[in-house]
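See structure below.
Bear in mind these aren't lab numbers, they're just calculated from the coordinates by the rules spelled out. Here the structure is a predicted model, which is why all the values come from computation and not from measurement. Cβ coordinates were reconstructed from backbone atoms using ideal geometry, including for glycine residues, and neighbour counts include every protein chain displayed.
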Amino acid sequence: MFVSPFVRFWFACISPIFKGIRDGNYEEFFKTFENRKSEFASLIFEQLSHELIKQSVKNNEIALIQNQTIVKLGRYWDDNIDIDLLVETKGGKVIAGSSKYTNSKIKKSELTKLKENCKNAKIDVDTFVLFSKKGFTSELKSLKGDNLKLYTVKNFNF
C-alpha cells in the first residue's frame, strides 16, 4: 500500500509515463497530474486533520473528552462505509470525522452522511468533527456545540 504522499505521487503520475518524461515529453505528465492533484491534496488535508485532532485532544479543546488520551486514531472502512477519522480515547470516548478539501462550503448533509455511516458501522460516537477547506453553511454552523466541532484551514495553526 502506498501511504507516503511522494510514493503515491510517483506511482500514480511518474512511473506509468517515465519514458516520456525521460525523453523530455511532459505533456502527458501535466495532464495526468491535473486529473489527480485533488486526490493528493485531499489525502494530505485528511492527514493534517488527524494531527489537528491529536492537538485538540491534547489541549482539552473538545469538552466531552477533556483530560483523556488517544489510544486509537485512524480511518474506518469496509465494503460500504468510509469514515475519514475515527478516534478512541483511553476513557472509551469516540470521535468520528469527515475531511473535505473542496472549493465549496460543507452542508448539513455531510454530517447526516457521517452519522448514518457510524450508525451502520455500529459505532457509538460522542463527538463528531468536520474539516473543511472553505468553511460551512449557516445551517451547519448553527448545530455546532459539544457534540459537533467544525474546523477550517484557519484552525491549522499548530
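Values as computed for the structure displayed
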read-out: Estimated inter-spin distance, residue 37 and residue 10, nm [label 7 Å along Cα→Cβ]; value: 2.2 nm
read-out: Span from the the stretch 34-109 Cα centroid across to the the stretch 126-158 one, whole angstrom; value: 11 Å
read-out: Pairs beyond 27 Å (Cα-Cα), from 113/154; 31/115; 54/119; 90/133; value: 31/115; 90/133
read-out: Which of 7, 129, 94 has the fewest Cβ neighbours within 10 Å, and the rest in rising order; value: 7, 94, 129
read-out: Separation in nanometres of the label points that stand 7 Å from Cα toward Cβ, at residue 30 and residue 143; value: 4.2 nm
read-out: Computed E for residue 18/residue 75 - FRET, C-beta separation, R0 25 angstrom, nearest 0.05; value: 0.25
read-out: Charge sum, other residues only, whose C-beta stays under 14 Å from residue 92's C-beta, Lys/Arg counted +1 and Asp/Glu -1; value: 0
read-out: Normalised alpha carbon radius of gyration of the chain [divisor 2.2 N^0.38 Å]; value: 1.20
